[in-house]
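Note sheet for the following structure.
No value in this document is a laboratory result; all are computed from the given coordinates. Everything numeric here is computed off the predicted structure, so don't read it as measured data. With ideal geometry, Cβ positions are generated from the backbone for all residues, glycine too; neighbour counts draw on all protein chains shown.
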Amino acid sequence: MIPERMLFLTVEGVVVPRTLTRTRIAAADACRWSEYRHMTYLADMVEPIERLGVVLNSAWVPLLGMRTVTSILPHRLRDRVVGATTHGNRVIRRGQLCPAKGRRDYLDADVRRRQPRHLTVLECDACSVPIPLRNDAVIVPQGLWVATPDLWRELAYKLTTQTNS
């Protein structure tokens, strides 16, 4: 499947609290998050959308690796993951990741590289979304676990009907 639509999904702050430590994620804690209601709801939302790929936008990917970070997601969502905006921890060990870049810079570069026909950014902080992508973003400042019905509707709308601005 070649995705026509992309969901750029921030992990920390959106699907799990920012206060969750890397150590707890690296331990067996990650699997329990996939069972939470907001994760199931997100998986239910993306499941019927054809040709949708998920790209992880997470500072944890370089530190913990793709497998560990994707283990946070339910299987139905995990199966949609096509990559991440940063390289995984194997590349870090070889010193190939530029430490000066932030999540916003990696997101911007990845969107330019992939050039999806339709994109949605799911983020907890508007400052982490490049200005040209803000119309394509759904900002959930408190995380999906406390998102309002209006935010869920906005996300569903942007995932299914929006074209890039």
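Here the spin labels are modelled as points 7 Å beyond Cα on the Cα-Cβ line, and at ARG113 and THR40 they lie 3.6 nm apart.
In what order do SER58, SER128 fall by count of nearby beta-carbon atoms within 10 Å, going from fewest to most?
SER128, SER58
Here the range 110-141 and the range 39-70 have alpha carbon centers that stand 15 Å from each other.
In terms of the mean number of neighbouring beta-carbon atoms within 10 Å, the peptides 42-54, 147-159, 114-126 order highest first as 114-126, 42-54, 147-159.
Among ILE139, ILE72, sorting on how many other beta-carbon atoms sit within 10 Å of each Cβ, with the fewest leading, yields ILE139, ILE72.
For the pair THR148 and LEU63, a Förster radius of 30 Å applied to the C-beta separation gives a FRET efficiency near 0.45, rounded to the nearest 0.05. FRET efficiency for the pair ARG18 and THR161, taken as 1/(1 + (r/R0)^6) with r the Cβ-Cβ distance and R0 = 35 Å, rounds to 0.70.
Amide H contacts of ARG80 (H built 1.01 Å from N, in plane; Pro and chain starts excluded): no residue 5 or more places away or on another chain comes under 5 Å. Taking amide H as placed 1.01 Å from N in the peptide plane, the amide H of THR86 sits under 5 Å from that of SER58, each at least 5 places away or on another chain.
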